[in-house]
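Working notes, structure below.
What follows is calculated from the coordinates using simple rules that are stated; it is not laboratory data. Quick caveat: nothing in here was measured; it's all calculated off a predicted structure. Heads up, the Cβs are rebuilt from the backbone with ideal geometry, glycines too, and the neighbour counts pull from every protein chain shown.
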Amino acid sequence: MVKDAPIGVFDSGVGGLSVLDEIQRLLPHESLLYVADCGHIPYGEKTPEFIRERSHLIAGFFREQGAKAFVIACNTATVAAVAELRRDFPDWPLVGMEPAVKPAAAATRSGVVGVLATTGTLQSAKFAALLDRFASDVRVVTQPCPGLVELIETGDLDSPALRQLLQVYVEPLLEAGCDTIILGCTHYPFLKPLLAQMLPPSIILIDTGAAVARQLQRLLAEGDLLAEGNPQATQFWTSGDLQHLRNILPKLWKNAGIVQKFAL
């Protein structure tokens with residue numbers, strides 16, 4: 001691996017762009033590659049075997065592109081595939097996602113933490129282990145959010161339909177006394193402006209994008225792989241409709257980029 005090699009980032013769709021943004025903010029010299037596996041979204045409805053297969057395929061693609069590190073910017077894919085990927089690519093810096101249970105437990109004042117996440121994440125053994133490890137002294141109220149990812153994938157961040165659906169999901173958390181809410185899907189940080197309008201100002205919103213960027217920075221520094229020059233333009237691939245990604249990318253990514261078809 002060389003310092004100026006790119007970093008590969010992938011998600012089932014465009015949600016991982018929230019993580020990509022944190023990576024670019026912390027590591028502005030790095031060149032970035034992003035695969036949105038939109039042709040197979042949502043991952044939450046797929047089997048773990050299917051998700052592992054897609055994750056390995058995309059990892060292999062990034063290796064072919066010369067990527068020096070790999071970020072799974074998807075909670076569902078992390079749950080299904082990160083252990084096998086680390087086994088199969090032991091020499092490759094690899095960072096996955098996990099809901100921010102530990103910082104939320106530390107931040108809460110009421111002792112009640114809410115979690116907005118996909119059904120697959122909330123039902124996973126990994127999430128249960130996080131609760132056992134970090135949330136023994138707080139009450140955690142979980143809320144599955146079917147339909148949110150699909151709306152965000154269309155570029156919808158503030159329609160009446162989205163507001164109504166989000167209100168349905170947030171209301172039980174407020175009624176339970178949550179003062180801290182974990183955004184447990186990489187798509188959900190794009191809803192922060194809308195949530196700020198809907199929630200009392202005392203509510204703390206926590207996601208893991210910045211923590212992922214810091215972990216990536218640490219791993220690259222350990223391997224003496226931090227880039228020092230000017231980055232290449234970010235390259236995007238989608239397994240879904242190419243024009244659709246080109247249309248919604250400006251809403252979610254404020255920088256220039258090259259959008260291509262991912263045919264695998």
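Grab the other residues whose beta carbon is less than 12 angstrom from that of GLY223, score K and R as +1, D and E as -1, and report the net.
Spelling it out: positives minus negatives among the neighbours equals 0.
Once both labels are modelled 7 Å past Cα along the beta-carbon direction, what's the GLU150-ILE204 spacing in nm?
So the label points at GLU150 and ILE204 sit 3.5 nm apart.
About the Cα centre of the chain, what is the dipole size in debye to 20, counting +1 per Lys and Arg Cβ and -1 per Asp and Glu Cβ, all else neutral?
220 debye
Treat the count of other C-beta atoms within 10 Å as a stand-in for reagent exposure and order LYS46, LYS261, LYS68 from fewest to most.
If I rank by nearby Cβ atoms, fewest first, I get LYS261, LYS46, LYS68.
For the charge dipole of the chain, defined by +1 on Lys and Arg C-beta atoms and -1 on Asp and Glu C-beta atoms about the Cα centroid, which residue among ALA105, LEU252, ILE41 has the Cα displaced farthest towards the positive pole?
So the residue we want is ALA105.
Could you compute the net charge surrounding VAL112? Neighbours are other residues with a C-beta less than 15 Å from the C-beta of VAL112; K and R count +1, D and E count -1.
Cβ neighbours under 15 Å give a net charge of -2.
Please arrange SER202, SER12, SER18, SER124 by how many other C-beta atoms lie within 10 Å of their C-beta, fewest to most.
Ranking SER202, SER12, SER18, SER124 by Cβ neighbours within 10 Å, fewest first, gives SER202, SER124, SER18, SER12.
With each pseudo-label sitting 7 Å past Cα toward Cβ, what's the HIS40-ARG139 distance in nm, one decimal?
Result for the modelled spin labels: 4.0 nm.
So for the pair HIS56, LEU264, with labels modelled 7 Å out along Cα→Cβ, what separation do we get in nm?
Calculated label separation equals 1.2 nm.
Can you pull the semi-axes for the chain, root of five times each eigenvalue of the Cα gyration tensor, sorted largest first, whole Å?
Output for the chain: semi-axes of 29, 21, 18 Å.
Given the Cα atoms of the stretch 101-207, and with Rh set as the inverse mean 1/r over their pairs in the Kirkwood sense, what is Rg to Rh to two decimals?
0.95
Exceeding 26 Å between C-alpha atoms, which entries from my cross-link table qualify? They are LYS46/LYS126; LYS3/LYS102; LYS3/LYS192; LYS68/LYS261.
LYS3/LYS102; LYS3/LYS192
Could you tell me what a quarter of the Cα convex hull surface of the stretch 12-83 works out to, in nm² with one decimal place?
Result: 4.8 nm².
What does the charge add up to near ALA196, with Lys and Arg as +1, Asp and Glu as -1, over the other residues with Cβ less than 13 Å from its Cβ?
Cβ neighbours under 13 Å give a net charge of +1.
Can you put VAL212, VAL9 in order of Cβ neighbours within 10 angstrom, beginning with the fewest?
Going from least to most buried by this count: VAL212, VAL9.
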